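Asks: What follows is a single structure, and I will ask about it in a moment.
The values are calculated or read from the model by the stated rules, or taken from the named source; none is laboratory data. Please read all numbers here as calculations on a predicted model, not as lab measurements. Please note: Cβ atoms are built from the backbone with ideal geometry, for glycine as well, and neighbour counts cover all protein chains shown. Calculation scope for accessible area: heavy atoms of the full protein, side chains included, ligands and nucleic acids excluded. Shrake-Rupley method; radii C 1.70, N 1.55, O 1.52, S 1.80 Å.
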Amino acid sequence: MDRLDNTVRPYAWGSTTALPELLGETPTGEPQAELWMGAHPGAPSRIDRGAGPRPLSDVIADDPEGELGAPSVRAYGPRLPFLLKLLAAGAPLSLQVHPDNDQAAAGYADEEARGVPLDAPHRNYKDASHKPELVCALTPFEGLCGFRRPREAAALLEGLGVDGLKPYADILRARPETDALREVLTAVLTADKDEMAATVAEAAEAAAGRPEYAVYADIAQHYPGDPGVLAAMLLNHVVLRPGEALFLAAGVPHAYLNGLGVEVMANSDNVLRCGLTPKHVDVPELLRIVRFAPTDPGVLRPEADPVTGEEIYDTPAGEFRLSRYTLVPGAAPHSLRAPAAQILLCTAGTAVARGGEDGTRELTLAPGRSAYVPADEEVHVSGDGTLFRATVAV
């Protein structure tokens with residue numbers, strides 16, 4: 001069991017206050033978007049086993065089976081297959097989708113064969129893996145997830161009274177649902193940029209001051225003229241209460257808008273963007289990946305194990321399993337042991353973890369602090385607060 005020293009990622013969309021407040025630190029005035037916990041090569045956590053801090057990725061590379069467990073290595077190779085984050089959105093993130101495993105493998109192989117550098121701004125596939133992800137709200141958390149019914153989207157567009165939106169609304173009402181969504185998203189993303197910017201500006205002006213359009217007016221304020229503003233109106237608007245979660249499967253368009261949450265994902269960087277970003281948008285590849293079907297966002301609530309008290313967020317992802325414990329003073333400690341590596345994250349109050357070979361090692365975790373537990377190591381946790389547990393579903 002090791003305390004994790006983690007890196008904050010200062011992306012421009014990050015909140016300037018949410019992470020510092022959780023961590024009990026003074027805000028710097030700069031955006032602090034994500035706190036990464038894991039062994040991602042971009043910003044691996046560090047641990048110290050007596051010889052000075054080392055990247056967790058290096059520690060795992062020295063003994064993959066000992067750190068990760070044989071079942072995890074067999075299923076996902078000699079690396080930690082998930083990345084845990086605290087995500088603090090102060091502005092909308094890019095509207096995006098993730099490929100499935102077959103699409104990722106084919107896309108990665110194609111770009112490798114064509115010699116596209118991994119760090120090229122127009123590169124779509126940084127690896128050959130899919131990227132399922134789960135976000136659990138710690139505060140009220142807003143997002144966009146999956147397509148609305150086309151007729152609902154048409155009514156939303158028509159309500160703005162903007163002439164440039166009428167052709168899109170007509171298509172959404174006249175065509176079969178899948179065809180309508182594909183045709184409208186394609187039209188929005190391939191329209192003349194100047195004409196689209198003018199339409200988005202007119203739509204933003206019409207949305208101003210109207211509560212039912214507040215989310216889209218805010219998006220337009222952050223991304224003036226961006227076609228993603230109209231694409232966002234095709235999607236379900238979701239507001240999560242603390243403790244509720246969203247699972248993002250392959251092909252489902254989504255964007256996080258604001259709020260603080262715990263996010264866990266497969267350890268992949270594959271993202272195809274469709275708006276609300278200055279970054280590269282590959283429209284043909286995006287349209288090949290997106291699942292054009294109306295979907296229920298499927299808000300998840302944890303299911304409590306009546307024996308252990310573990311509250312589990314059930315998803316089909318194999319690379320990760322996220323659960324939560326409510327720690328009560330004076331209650332018997334929870335025994336946490338898994339055949340794969342674990343990361344424990346305190347988000348409220350205090351969590352005390354005891355483990356080690358002789359059971360005497362003790363770590364006290366305050367909000368925003370975390371610990372790494374190697375496979376098959378038994379840890380007992382107690383305290384007064386909330387503890388999230390991320391491991392591999394093996």
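Asks: Please list, in order, the residues from region 114-151 whose amide nitrogen is less than 18 Å from a point placed 7 Å along the Cα→Cβ vector of residue 102.
Replies: 128-132
Asks: Residue 95's amide H: which non-local residues (gap 5+, or another chain) put their own amide H closer than 5 Å, with H modeled 1.01 Å from N in plane and none for Pro or chain starts?
Replies: Those qualifying (amide H under 5 Å, at least 5 residues apart or on another chain) are 274, 275, 276.
Asks: May I pose another question? Multiply the residue gap between residue 12 and residue 378 by 0.36 nm, knock off their C-alpha separation, and tell me the result in nm, one decimal place.
Replies: The span from residue 12 to residue 378 would gain 127.8 nm if fully extended.
Asks: Using θ = phi - 60° and the Karplus relation 6.51 cos²θ - 1.76 cosθ + 1.60, list the HN-Hα couplings for region 341-355 in order, rounded to whole Hz, with x at every Gly or Pro.
Replies: 4, 10, 10, 10, 10, 8, 10, 7, x, 9, 10, 10, 10, 10, x
Asks: Taking the structure as given and computing semi-axes √(5λ) of the Cα gyration tensor in Å, which label from (1) 34, 24, 19; (2) 31, 25, 21; (3) 39, 23, 19 fits?
Replies: (3)
Asks: For the chain, how many pairs of lysine residues have a Cα-Cα distance under 29 Å, where the two are 8 or more positions apart or belong to different chains?
Replies: Taking the Cα cut-off of 29 Å, the pair count is 9.
Asks: Let me ask something else. Could you list which residues have their amide H under 5 Å from that of residue 235, counting only those 5 or more apart in sequence or on another chain, with H placed in the peptide plane?
Replies: Here the answer is 148, since their amide H atoms fall under 5 Å of that of residue 235.
Asks: I want the local charge near residue 60. Using Cβ-Cβ distances under 12 Å, sum +1 for each Lys or Arg and -1 for each Asp or Glu among the other residues.
Replies: -4
Asks: Just the accessible area per residue of the chain, please: how many Å² with a 1.4 Å probe?
Replies: 42 Å²
Asks: Right, something else. Can you give me the long-range amide H partners of residue 350? Hydrogens built in the peptide plane at 1.01 Å from N, cutoff under 5 Å, separation of 5 or more residues or another chain.
Replies: 384, 385, 386
Asks: Ok, one more. Taking 0.36 nm per intervening residue step and subtracting the Cα-Cα distance, what contour gain separates residue 360 from residue 280 on full extension?
Replies: 23.7 nm
Asks: To continue, here is another question. Determine, for each peptide in 221-233, 282-294, 78-90, 150-162, the mean count of other beta carbons within 10 angstrom over its residues, then list the peptides with the highest first.
Replies: In decreasing order of mean packing, 221-233, 282-294, 78-90, 150-162 become 78-90, 221-233, 150-162, 282-294.
Asks: Convert each backbone phi in region 228-239 into a coupling constant with the Karplus relation 6.51 cos²θ - 1.76 cosθ + 1.60 (shift: θ = phi - 60°), then list the ³J(HN,Hα) values in order as whole Hz, x for Gly and Pro.
Replies: Along region 228-239, the couplings run x, 4, 6, 4, 4, 6, 7, 9, 6, 8, 10, 10 Hz.
Asks: Within 10 Å, count the other beta carbons around each residue, average over each peptide in 67-73, 123-129, and list them highest first.
Replies: 67-73, 123-129
Asks: If R₀ is 41 angstrom, what is the calculated FRET efficiency for the pair residue 152 and residue 48, using the beta carbon separation as r and rounding to 0.05?
Replies: The calculated FRET efficiency here is 0.15.
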